[in-house]
There are 2 protein chains.
Amino acid sequence: MSNCRTINLDRHARIFKALSNPHRLEIFTILTGCCEPGTLCSTDKMLSCCVGDLDSQLSIASSTLSHHLKELNHAGLIEMQREGKQIFCSINPSTLAEVTALFSTRR
Amino acid sequence: MSNCRTINLDRHARIFKALSNPHRLEIFTILTGCCEPGTLCSTDKMLSCCVGDLDSQLSIASSTLSHHLKELNHAGLIEMQREGKQIFCSINPSTLAEVTALFSTRR
DNA sequence: TCTACAATTCGACATGTTTCGAATTGTAAT
DNA sequence: ATTACAATTCGAAACATGTCGAATTGTAGA
């Protein structure tokens, strides 16, 4: 029988928790380059930007931003890599695909 | 111009917060009748059940369950209606569609 | 090596969340 | 009315989260 429900429950809950804070959701939204549901806008915008770029858009302390980025990263939603003095953030496409699939199977 | 990002941010964050708790996510999963991502399983299962039905599957105090149901309800994810002594819960299809759309527009 | 810039870690505080048991409300049957 | 069942509300305790400023680490250039 085995409960197929409980297997990914904690993992998925962690992903949703990462998206449950308005600032983190905004970061996620900036990085996906997406605006309104139903629209594919800003297709030509950058899909990766450094921590400072995000900092200038968010009106929170940079230490707070750091904290949020770590949460998104630990949830597997974003990737971060250093380039010189800066650290660039981008969406982790496989996690995004996973969450998308999660919803597309529900009615 | 105008920031199209911030409009639904708080609302969507509230929805994700509702899904960020393993127990609430399990309730949501039970009510969608869905199991694993990528599969459309248990198509013939009930998509609505009463609070007691959920209670028997969750090993938490019924007062805690009540609390979680209220959160899901306030986030717009589920609907609840009394039938005699029982209260039946079901997925709110429009919110589910909204969240699904949210992800299907991101790359 | 000094300096400046980019970003993180640390400590502290206020606030919010999860959980329970006990008491309460609402509904229906005896 | 009384009883029994279904579910919620309440109050309290333990725990987690969001936020900041100050101090720290890491990187590159003068």
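What follows is calculated from the coordinates using simple rules that are stated; it is not laboratory data. Note that this is a predicted model, so its numbers are computed, not measured. Here the Cβ positions follow ideal geometry from the backbone for every residue, glycine too, while neighbour counts run over all protein chains shown.
Close amide H pairs (under 5 Å, H built 1.01 Å from N) link A:Cys49 with A:Cys89, residues at least 5 positions away or on another chain.
Using a 7 Å projection from Cα along Cα-to-Cβ, the label point at A:His67 is separated from the same position in the remaining copies by 2.2 nm, smallest value first.
Can you tell me the FRET efficiency between A:Cys50 and A:His74 if r is taken as the Cβ-Cβ distance and R0 is 25 Å, rounded to the nearest 0.05?
Details: r = 19 Å, r/R0 = 0.77.
The value I calculate is 0.85.
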